[in-house]
Amino acid sequence: MSGRWLQELTWEEFREAKESAKVVIVPVGSTEQHGPHLPLGSDSMVAMTLAEDVSCQTGALIAPPLWYGWSPHHMALDGTISIRAEVLAELLYDVTESLSRHGVKRFVYLNGHRIVNITWMQIAAERAQRLLGVEVVIFDPGYMSKEIVSDLGFGPLGHADEIETSHMYHRYPALCKPERARDFPPPPAPLYSVDPRYPLDTLCYVPSTAARLAEAAPISKGVSGRPTLASAEKGRVYHDHLVGRLVAVINRLQQA
């Protein structure tokens, strides 16, 4: 593995490394269905690979990833593991509290599970800042790529879509099955979008239900979007953009 992962250090090495690193990245993802062409761990893997590349450039430390997310709507398809949001918020807070007791004062929560994770991550971050006196930022690729995704020809944010698929093709090609990718662009919903780029009025996001996903699954196969338009080259540009943005964020935290 590349990057400075906590689980690969001794406690003495961590004690020394934290002084120069100043920042700990906590990758947060999920284990859930990602269509027939991507692995169940895609959300966690994209957070991990971003963390690794950024750690190599900044020296930031990386906490062991949270492989589980809040995924009630994906429980209709096999392999999904959904953890209650309140449990996840407590877990992330406890990770932060533990490391803060060892002297870490600045954290980046790196989200790979898109908008569905953000609410409980915000709750954990607010509590940590209020009770522990630490600084926490939440880095989400959906929000931090608004300047580039349209230029790459990516459609609206979905699930196992051309954005996620391109990223996985670039970083984890051996785990992907392009020949099994199938498009399922959902019909537009009046006054509703989950895409951070969406410029019109919209209702706030609420996770769907497993029953609704089960109804669409025979056709959608768990996909929302056009993964057949994905490419490793688009994924490279997307990945590099996110790495650059996260490096800038961590440099600011390290200089504070």
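Cβ-Cβ distances below 9 Å connect no pair with a first residue in segment 33-51 that is without any contact (Cβ under 8 Å) to a residue 12 or more places away in the chain, a second residue that is in a helix (DSSP H, G or I) and of a type outside the set (S, T, N, Q), and a separation of six or more residues or different chains.
The single condition among (1) on the phi > 0 side of the Ramachandran plot; (2) surrounded by 16 or more Cβ atoms within 10 Å (Cβ to Cβ) that Phe184 does not satisfy is (1). The single condition from (1) surrounded by fewer than 24 Cβ atoms within 10 Å (Cβ to Cβ); (2) under 30 Å from Ala211 (Cβ atoms) that Asp94 fails is (2). Where helices (runs of 4 or more DSSP H) fall wholly inside segment 149-256, the ranges with 1 or more residues that are within 17 Å of the chain's Cα centre (by Cα) and closer than 17 Å to His34 by Cβ are 162-171, 232-255. Applying the criterion of at least 1 residues that are acidic (Asp, Glu), at pLDDT 95 or above and closer than 22 Å to Gly142 by Cβ to the helices (runs of 4 or more DSSP H) found wholly in segment 1-101 leaves 42-58. Counting just the residues of segment 126-148 that are farther than 18 Å from Arg245 by Cβ and in contact with a strand residue (DSSP E or B) (Cβ under 7 Å, 6 or more places away or on another chain), which one comes out surrounded by the fewest Cβ atoms within 10 Å (Cβ to Cβ)? Selected residue: Gln129.
The values are calculated or read from the model by the stated rules, or taken from the named source; none is laboratory data. What you are looking at is a predicted structure, and each value in this text was computed from that prediction instead of being measured. Positions of Cβ are backbone-derived with ideal geometry, glycine not excepted, and every protein chain shown enters the neighbour counts.
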